[in-house]
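Have a look at the structure below, then the notes.
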Amino acid sequence: MERYRLNDQSCEPLIEQSVHPVSLLSCPDQMRYLVTYEGKTLSVQDWESGKKTIWHLYQRSGQLKLEWGNTESEQPKVTELMAAVEAAFVYYPNQAKLYFSAPVRQFGELFDSGVMVKTEDGRDVVYVELFWQQARVWLSSSRTQPYPIYPVFTYGRRHPLRPPKPAGTVYRRYITWLGRTLSFRTVDLTTDLVRFNRWMNDPAVAEFWQETGDLAKHRAYLEGIQNDPHVISLIACFDDEPFGYFEIYWAKEDRIAPYYDVDDFDRGWHVLIGEPHLRGKPFVTAWLPSISHYLFLDDDRTQRIVIEPRADNHKMIRNLARCGYALLKEFDFPHKRAMLGMLLRERFFAEQLWVPRSTPPLHSVSLS
């Protein structure tokens, strides 16, 4: 069964350029902030209360610097600081680090978690590779530590006991070139079954998934996924408008495990894009890196993401390669000749693969 439908679009790696959107949304610790940047002034506004904090963001001698602008007011909140840092790296995606000047002594947690690092000369710096591994900025869960390791067996395969499946929204990221918020949420049979049935019967989807059928068949299909502890079904949305379906899985318990040297925390995914008007390059460059980002954030021990498209699906393979997936080998499943692709955690964060090479026109967002 072929489980990918990417069309002839690409997700290209970062180029050296500075991006200046009018505004963006940031949601650290589920707090919503509207961040705007004009001149050297960065404004972080609480979505609910309208309260603003002011920061100064600028480059000097090739260094990106962020300074606390409210010198006579109360100290910044951690979430306000995180929103300002996210915006700084979005506006300047070619920067590897951000020098920080703000009252952060009370924020020991920032140094403990790697958000902030103290240099040898006593300066406070934020490294982009470390910051984009901060789950609290994009994930909706409140977990404080990885799920403990407890070995179990499933169908003769030894693997760690997996944590309970999440419910609701699991990931949220504002996409500047679309002016929309991309989110992944878990499937709700009550609201998603009819939509899922329509998507599966779309000829463009059926060509690859081969799962056409009636509501009863697709209810049973989704219930089977819900009862399988190694797979999670997700609905992808732009501004809460559903457009696609993902299945993410733990590779150790999956059919792919016998075909490579699988690790306990490797992850993989399948996808279909069900809404034709939300297919195309600007959308692919948003959701493809974001599903990779989510899987790396969901468990810090995940070092690799694997994928197994049909070997003759050249368009999809090319797109994945442009997103950092290495093409390792062809192999034979019982139902298809497949290509094993793999994305390394180190490469994703070191090369900032959440940013496309060419940035489409930017959109603004407002509180109204």
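The values are calculated or read from the model by the stated rules, or taken from the named source; none is laboratory data. Please read these numbers as outputs of a predicted model, since none were measured by experiment. Glycine also receives a Cβ, built like all others from the backbone with ideal geometry; neighbour counts cover every protein chain displayed. Accessible surface areas use protein heavy atoms only, side chains included; no ligands, DNA or RNA. Shrake-Rupley method; radii C 1.70, N 1.55, O 1.52, S 1.80 Å.
Descriptive notes on the structure:
- Three-way shape call for the chain based on the alpha-carbon gyration tensor, with the a/c threshold at 1.5: prolate
- Diffusion constant of region 227-368 at 37 °C, which comes from Stokes-Einstein with the Kirkwood Cα-pair radius and 0.692 mPa s, µm²/s: 203 µm²/s
- This model, with +1 at the C-beta of Lys and Arg and -1 at the C-beta of Asp and Glu, gives region 93-193 a dipole about its Cα centre of some 360 debye.
- Principal-axis tilt of helix 281-298 within the chain, Cα atoms, nearest 10 degrees: 90 degrees
- Ranked from largest to smallest solvent-accessible area, with a 1.4 Å probe on the protein heavy atoms, PHE265, PHE153 come out as PHE153, PHE265.
- Taken about its Cα centre, the chain carries a charge dipole of roughly 320 debye when the Cβ of each Lys and Arg holds +1 and the Cβ of each Asp and Glu holds -1.
- Rounded to 5, percent antiparallel among DSSP beta bridges of the chain: 90 percent
- Pairs beyond 27 Å (Cα-Cα), from LYS252/LYS336; LYS165/LYS315; LYS165/LYS336; LYS165/LYS281: LYS165/LYS315; LYS165/LYS336; LYS165/LYS281
- The lysines whose alpha-carbon is closer than 23 Å to the alpha-carbon of LYS77, local same-chain residues fewer than 8 away aside, are LYS40, LYS51, LYS52, LYS65, LYS97, LYS118.
- The sum of -39500 (n - 2.57) across all DSSP H runs of n ≥ 4, divided by the residue count of the chain, sets its helix-only mean residue ellipticity at 222 nm to -7000 deg cm²/dmol.
- Peptide packing: for 172-178, 203-209, the average count of neighbouring Cβ atoms within 10 Å per residue gives the ranking 172-178, 203-209, highest mean first.
- Angle in degrees between helix 78-91 and the longest Cα principal axis of the chain, rounded to the nearest 10: 80 degrees
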